[in-house]
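What follows is a short report on a single structure.
Bear in mind these aren't lab numbers, they're just calculated from the coordinates by the rules spelled out. Keep in mind that this is a model prediction, so the values were computed, not measured. Counting neighbours? That spans all protein chains shown, and the Cβs are built from the backbone with ideal geometry, glycine included.
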Amino acid sequence: MPKKVAVVLAPGCEEIEALTPVDILRRLGVQCDMVGLFDLKVEGGHQIMLTADKTLDDSLLDYDLVAFPGGLKGAQNLRDSAKLKALMVERARQGKWNAAMCAAPIAFARYGLLDGTQYTMYPGMNADIEAEVNAGHFKEDIVVIDHQKHILTSRGPATAMAYGYAMAQILGIDTKDLEKGMLYEFLMAQK
């Protein structure tokens, strides 16, 4: 069965983190829907207007993976949505994959999804989370995958490609040809 991913867009989201995974997943033939938290038109954190495919509804439960981009204001909007929280808690209860990067793990922390979880996020923000919840184990890796909790996290704008490829790999999709074609393989070899 074809895999489906949703990227939830909230006002103030980090545009690179929102669009990079969408681009990668669509190139790989994955249905990747951009879901507006409130509206179809979403203004990103750097005043770039994004157009979502749909707005948030209960169909979020039908996706194989749901991803949150960061951007502090966007992450706060995701964190503060009671409707989104209810859907994400139910997804976690069902053992579905959820992903967040940069500032967006603050939403997962509010939802209780980071309790006992291996995760990463934007440098320094983990201190705020750890003061509030049993946020598990913070790591300074580019991408952290907690297979037990079905949580994928990443650091910030520069790690958006790694985040997108990790989503595809979690879904069982081979990314090697695309990594080569997009020069990601070349970039990673330069470290």
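Details
- Leading residue at positive end of dipole, the stretch 1-100 (Cβ point charges), from Ala52, Leu65, Leu28: Leu65
- Separation of the alpha carbons by more than 21 angstrom is noted, of Lys85/Lys149; Lys139/Lys176; Lys41/Lys83; Lys54/Lys83; Lys41/Lys73; Lys4/Lys54, for Lys139/Lys176.
- The chain - mean residue ellipticity at 222 nm from DSSP helices (-39,500 (n - 2.57) per run, n ≥ 4, rounded to 500): -10000 deg cm²/dmol
- ³J(HN,Hα), Karplus 6.51/-1.76/1.60, whole Hz, each residue of the stretch 54-64, x for Gly, Pro: 6, 10, 4, 7, 5, 5, 4, 6, 8, 7, 6
- Using Cβ point charges alone (K and R +1, D and E -1), the dipole size of the stretch 22-173 about the Cα centre works out to roughly 80 debye.
- In summary, the stretch 1-70 shows an alpha-carbon radius of gyration equal to 1.02 times the 2.2 N^0.38 Å reference for compact globular proteins.
- Cut-off 14 Å between beta-carbons: net charge of the residues surrounding Leu25, Lys and Arg +1, Asp and Glu -1: -3
- Cβ-based net charge around Gly12, under 11 Å, with every Lys or Arg adding one and every Asp or Glu removing one: -2
- For the stretch 4-189, share of DSSP beta bridges that run antiparallel, in % to the nearest 5: 25 percent
- Label point distance in nm, Arg26-Lys176, each placed 7 Å from Cα along Cα→Cβ: 2.7 nm
- Neighbourhood net charge (12 Å Cβ-Cβ; Lys/Arg +1, Asp/Glu -1) for Asp177: 0
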